[in-house]
Amino acid sequence: MNEKKTSCLYRLIRWLVRLFSPKFRVEGAENLPDEPCVIVGNHSQMYGPIAGELYTPGKHYIWCAGEMMHRKEVAAYAFQDFWAAKPKRSRWFFRLLSHLIAPLSELIFTSAHTIPVYHDTRLVSTYRESIAKLQEGNSMVIFPEHGIRRNNIVNDFQDKFIDLARFYYKKTGKELSFVPLYLAPRLKTMTYGKPIRFHADAPIAEERKRICTALMEEITAIALSLPEHTVVPYANIPKKQYPKNIPLEVYSHEETAG
């Protein structure tokens, strides 16, 4: 497939982001297999997609919310996903901001190495494009957290991304590996853990649960192994509420704000 053509404005934005965002140090790169894989990390708000785009070794594409790639859909999605938990007195500002960023969001996410992800019938196109990119030698980078807290390191994962391995196996006869990634913006590190292999002969429901659980546990273990630091959580909460990586706090499927 042809590479995306990028505008001068996008290249300028990418250069500025690289200049002013944290410079992540890659650790555990030896855990990345010598074949296409699925890298699965904690979202860490805006840092996940930025680090994924700029610092992931090798050829790769990032799964991105499809709404962020369509100007008319950006505002509603961005406000709900990023800023709905803001204090009521300031929500008017973030509603306005969500509309203002729409053209820029469309430019950035359609120019970067992204694959749009949908939660309707268009999801078929997500899998189809992802399989094609994997067959071309690209890895996928996915940040599947959602609004249910697992512990102070990571939220629970949405699990349908595991089906990518099922479709890839049907297409190629090869079993994909899923590689856990822990992003620690305050330490400026992105650390890869040991890969987890998809078992094509197991029921897909069991594989979703097994692999997601293993990924979340490994990401948590990586975080706990690092020096004490502030965790940048999935939810866009006030910075004074950001947790530490130690001690470990486990939640009972508690909904987070936002």
Sum up the charges of everything whose Cβ sits under 14 Å from the Cβ of Tyr55, counting Lys and Arg as +1 and Asp and Glu as -1, but leave Tyr55 out. +4
Zero-based 10 Å bins, Cα pair distances in the stretch 57-130, whole percents: 20, 43, 28, 9, 1
For the stretch 134-139, Karplus-derived ³J(HN,Hα) couplings (6.51, -1.76, 1.60; θ = phi - 60°; whole Hz; x for glycine and proline) come out as 4, 5, 7, x, 8, 8
Apply the Karplus curve 6.51 cos²θ - 1.76 cosθ + 1.60, θ = phi - 60°, to the phi angles in the stretch 197-204 and return the couplings in whole Hz, x for Gly and Pro. 8, 6, 9, 5, 8, 9, x, 5
From the square roots a ≥ b ≥ c of the eigenvalues of the alpha-carbon gyration tensor of the stretch 1-96, which class results: rounded (a/c under 1.5), prolate (a/b over b/c), or oblate? prolate
Note: the stretch 144-258, point scatterers on Cα, Debye, no solvent; log10 I/I(0) at q = 0.10, 0.20 Å⁻¹ equals -0.33, -1.07
Given charges at beta-carbon only (K, R positive; D, E negative), |dipole| of the chain in Debye: 980 debye
DSSP loop GluC sites (Glu not before Pro) in the stretch 173-253 with at most 15 other Cβ atoms within 10 Å of their Cβ, which ones? Glu175, Glu228, Glu249
Could you provide, to the nearest whole Å², the per residue accessible area of the chain with probe 1.4 Å? 52 Å²
Amide H neighbours of Cys37 at under 5 Å, excluding residues fewer than 5 places away on the same chain, with H built from the backbone geometry, are Ser139, Met140
Extreme residue, positive dipole direction of the chain, given options Phe178, Tyr242, Leu164 (C-beta unit charges): Tyr242
For the stretch 153-222, calculate the relative contact order in percent as a whole number, restricting contacts to Cα pairs under 8 Å that are 6 or more residues apart. 39 percent
In sequence order, what are the phi-derived ³J(HN,Hα) couplings for the stretch 170-181 according to the Karplus relation 6.51 cos²θ - 1.76 cosθ + 1.60 with θ = phi - 60°, rounded to whole Hz, with x for glycine and proline? 4, 7, 10, x, 10, 8, 6, 10, 10, 10, x, 9
Share of accessible surface on carbon and sulfur in the stretch 15-147, whole %, 1.4 Å probe and ligands ignored, is 61 percent
Set Lys86/Lys188; Lys72/Lys240; Lys72/Lys239; Lys59/Lys171 screened for pairs whose C-alpha atoms are more than 22 Å apart: Lys86/Lys188; Lys72/Lys240; Lys72/Lys239
For the chain, what does -39500 (n - 2.57) per DSSP helix run (n ≥ 4), summed and divided by total residues, give at 222 nm, in deg cm²/dmol to the nearest 500? -11500 deg cm²/dmol
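Over 19 Å, how big is the tail of the calculated P(r) for the stretch 191-258, in percent of all Cα pairs? It would help to have the intermediate numbers written out before the result.
Numbers: 1109 of 2278 pairs.
Value for the stretch 191-258 (Cα pairs over 19 Å): 49 percent.
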What does the charge dipole of the stretch 28-96 about its Cα centre add up to, to the nearest 20 debye, if the Cβ of each Lys and Arg holds +1 and the Cβ of each Asp and Glu holds -1? 820 debye
Work out the length of the dipole vector of the stretch 1-146 about its Cα centre, built from +1 on the beta-carbon of each Lys and Arg and -1 on the beta-carbon of each Asp and Glu, and round it to the nearest 20 debye. 840 debye
List every residue whose amide H lies under 5 Å from the amide H of Ile196, counting only residues 5 or more places away in sequence or on a different chain, with H placed 1.01 Å from N in the peptide plane. Phe178, Val179
State the antiparallel share, in %, of DSSP beta bridges confined to the chain, rounding to the nearest 5. 40 percent
Rank-order 84-90, 39-45, 234-240, 220-226 by packing density, defined as the average count of other C-beta atoms within 10 Å over each peptide's residues, highest first. 39-45, 220-226, 234-240, 84-90
Taking only the alpha-carbon positions of the chain and ignoring solvent, what does the Debye formula give for the base-10 log of I(q)/I(0) at q = 0.08, 0.14 Å⁻¹? -0.31, -1.02
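The values are calculated or read from the model by the stated rules, or taken from the named source; none is laboratory data. Computed from a predicted model, the values in this text were never measured in an experiment. Cβ atoms come from the backbone with ideal geometry, glycine included; neighbour counts cover every protein chain shown. For the accessible areas, the whole protein counts, side chains as well, though only heavy atoms, and no ligand, DNA or RNA atoms are used. Shrake-Rupley method; radii C 1.70, N 1.55, O 1.52, S 1.80 Å.
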